[in-house]
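Since the structure comes first, as structure tokens, the remarks are kept for the end.
The values are calculated or read from the model by the stated rules, or taken from the named source; none is laboratory data. What you see is a predicted model; the values in this text were computed from it and never measured. No Cβ is skipped: glycine too gets one built from the backbone with ideal geometry, and neighbour counts run over all protein chains shown. Note: accessible area is taken over every heavy atom of the protein model, side chains too, but ligands, DNA and RNA are not part of it. Shrake-Rupley method; radii C 1.70, N 1.55, O 1.52, S 1.80 Å.
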Amino acid sequence: MWLRRAFYSWLLPAAVVLPLWLLIGWGVFNAGGWAFAWVLFVAIPSVFLGQLALGLLVRARGTVRAERAVSWWDVLGFGVWHALTVSLGFFSASWWLPAMILTVLVGLGLFWLQLWQLWRETRGATVAYLRTAEGLAYLPPQDEDRVRDRARQQTEVIVLSEGGGPQTGYPHPGNGR
């Protein structure tokens with residue numbers, strides 16, 4: 001749980017730290033003038049905006065806010081994406097282009113993963129929170145079939161007729177009762 005909470009706390013600072021690392025890394029590893037201009041005007045803004053958007057998508061999920069921890073899918077996705085982003089700061093012309101393409105593909109995959117998790121968590125579900133001594137507690141939505149069965153059990157009526165023993169059934173509007 002501590003790792004998932006650490007990633008939760010890291011998401012928004014990463015929007016500043018990762019672009020800053022790209023700037024410092026490319027300066028230290030002598031990427032060159034045009035490459036440095038590319039970092040300033042393309043890489044830094046795209047990493048900043050991408051990380052900010054992904055971090056906000058994660059925080060939009062009710063379970064993440066309630067637990068203050070990301071899912072294991074988030075840990076895997078952000079871990080890979082951040083490792084690839086950090087590797088781009090160690091500029092080397094021989095492997096930089098494949099690493100950049102892989103970083104962009106992982107970033108797009110992470111975006112779709114976040115949308116999928118958000119959709120799965122919010123489709124037709126109401127999120128309920130309770131205040132507890134530790135903060136907020138998350139109540140997952142109940143299974144609709146179980147709720148429907150419980151409602152049927154509660155609306156069952158026992159009818160006593162004069163001609164026999166108890167009969168179970170549901171009231172019918174045409175039977176005069």
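A few comments on the model shown:
- For the pair ALA35 and TRP116, a Förster radius of 22 Å applied to the C-beta separation gives a FRET efficiency near 0.05, rounded to the nearest 0.05.
- Note on ARG65: accessible area is roughly 110 Å² with a 1.4 Å probe, heavy atoms of protein only.
- Using a probe of 1.4 Å on the protein chains alone, the accessible area found for GLU121 is around 30 Å².
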